[in-house]
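Nothing in this text is a laboratory measurement; each read-out follows from the coordinates by a stated rule. These numbers were taken from a predicted model, which means no experiment stands behind them. We place every Cβ from the backbone using ideal geometry, glycine too, and count neighbours over all the protein chains shown.
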Amino acid sequence: MSKVIWITGAGRGIGKAIAEAYDQKENTLILSGRTVSDLEKVAEGITTHTFVYPLDVTDELAIVNTVREVIDAHGKVDILVNNAGMSQRSLAAETDTHVGEKIMDVNFFGAVHLTRALLPQFLANDSGDIVVISSLSGKFGFPQRSFYAASKHALHGYFESLDLELSKTNINVLLVCPGRINTDISKHALTSDGKTHGQVDNAQKNGMSAEKCAAKIKTAVERRKKEVYIGNSEVLMIYFKRYIPGLFRFIASRIKPNG
Ligand SMILES: NC(=O)c1ccc[n+]([C@@H]2O[C@H](COP(=O)([O-])OP(=O)(O)OC[C@H]3O[C@@H](n4cnc5c(N)ncnc54)[C@H](OP(=O)(O)O)[C@@H]3O)[C@@H](O)[C@H]2O)c1
């Protein structure tokens with residue numbers, strides 16, 4: 001069946017891999033992000049109908065206008081993937097609150113604003129999938145990720161509540177918690193003063209491929225899952241925290257945050 005799929009942060013990393021995973025001839029892909037050249041490059045490599053809609057998810061007015069343009073042009077959105085995000089590499093004690101606000105604006109409010117702007121059409125159609133790319137850091141804290149973990153925890157509070165409110169509809173909300181995925185996320189992560197970290201951490205390089213992660217996300221959407229954990233052995237930390245919290249603390253406080 002033909003689907004319209006809107007992916008934010010689609011110019012690189014996990015978002016690009018998700019776009020490629022949905023490259024099937026009946027689908028229409030909407031690719032968003034700030035760097036138009038990245039989005040166009042991704043679109044060039046995709047064979048199905050693909051449209052680039054540049055969007056900064058921190059710009060509320062741009063969100064409203066872009067939603068209107070997308071619905072006017074394509075009639076509906078079946079799957080919204082709130083993927084745009086940025087990480088952090090700095091100690092809580094040293095990190096300016098403004099840096100935290102920036103991370104919250106992108107990771108949390110960005111997903112909330114876009115979802116809210118699209119909710120009326122999801123409700124009118126009584127169908128759709130709202131996918132939220134959280135993180136294992138949405139399930140537990142981690143050194144040098146204070147604001148990042150806070151933004152991802154916030155996603156769980158908001159979107160789990162939304163999903164419960166939608167329980168009598170045919171709209172599903174899926175929270176995706178990847179572990180370490182091999183992308184450039186650490187390069188773009190913010191440090192204590194808001195500058196970018198600028199390097200790809202070893203842990204990131206040794207992580208699961210973005211393609212494998214995207215395939216698992218697609219399967220979870222198809223199965224209408226509510227929450228999914230994706231990664232290698234780091235996923236075990238979820239269960240350590242839940243069942244053996246002492247072991248979780250022992251390991252989490254000793255892992256090198258930059259790998
Ligand atoms: N890689 C991992 O290990 C990992 C683990 C857990 C969760 N995640 C989550 O997965 C998602 C994707 O991360 P990634 O690893 O693919 O990182 P990435 O390669 O750095 O990609 C991040 C994407 O978000 C976009 N973006 C950033 N700020 C934006 C804004 N204000 N408006 C619109 N788009 C924006 C970027 O495009 P522009 O800069 O062009 O806007 C880019 O396409 C994030 O939510 C991240 O937190 C990643």
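Here the dipole of the chain is about 1080 debye; that uses its Cα centre as origin and unit charges on the Cβ of Lys and Arg (positive) and Asp and Glu (negative).
Enclosing the Cα atoms of segment 151-209 in their convex hull gives a volume equal to 105 cubic angstrom per residue.
Compared with the alpha-carbon gap, the fully stretched path from Lys41 to Ser233 is longer by 65.8 nm at 0.36 nm per residue.
Contact order, relative form, for the chain: 19 percent (alpha carbon pairs under 8 Å, 6 or more residues apart, mean separation divided by residue count). The phi torsions of segment 120-127, fed into the Karplus equation with coefficients 6.51, -1.76 and 1.60 and a -60° offset, translate into couplings of x, 6, 4, 5, 4, 7, 6, 7 Hz, rounded to whole numbers, with Gly and Pro shown as x. For segment 1-151, a/c is not less than 1.5, where a ≥ b ≥ c are the root eigenvalues of the C-alpha gyration tensor, and a/b tops b/c. That puts it in the prolate class. For segment 165-170, backbone phi angles converted through the Karplus equation (6.51, -1.76, 1.60; θ = phi - 60°) give residue-by-residue couplings of 5, 9, 4, 9, 10, 9 Hz, Gly and Pro being listed as x. For Asn182, the amide hydrogen comes within under 5 Å of the amide hydrogens of Gly207, Met208, Ser209, Ala210, counting only partners 5 or more places away or on other chains and with H modelled in the peptide plane. For segment 48-113, the Cβ-based charge dipole about the Cα centre amounts to some 200 debye (Lys, Arg positive; Asp, Glu negative; other atoms uncharged). Since only Ser253, Gly141, His113 are under comparison, the one whose Cα sits farthest along the positive direction of the charge dipole of the chain, derived from C-beta charges on Lys, Arg, Asp and Glu, is Ser253. Here the Kirkwood formula puts the hydrodynamic radius of segment 116-188 at 13.6 Å, using every distinct Cα pair. Residue by residue, segment 201-216 carries 3J(HN,Hα) couplings of 5, 4, 4, 5, 4, 8, x, 4, 6, 5, 5, 5, 4, 5, 5, 5 Hz when phi is fed to the Karplus relation 6.51 cos²θ - 1.76 cosθ + 1.60 (θ = phi - 60°); x denotes Gly or Pro.
What's the angle, to the nearest 10 degrees (0 to 90), between helix 60-74's Cα axis and the longest principal axis of the chain? That helix lies at roughly 40 degrees to the long axis. Measuring how big segment 4-252 is from its alpha-carbon positions, Rg and Dmax come out at 17.4, 53 Å.
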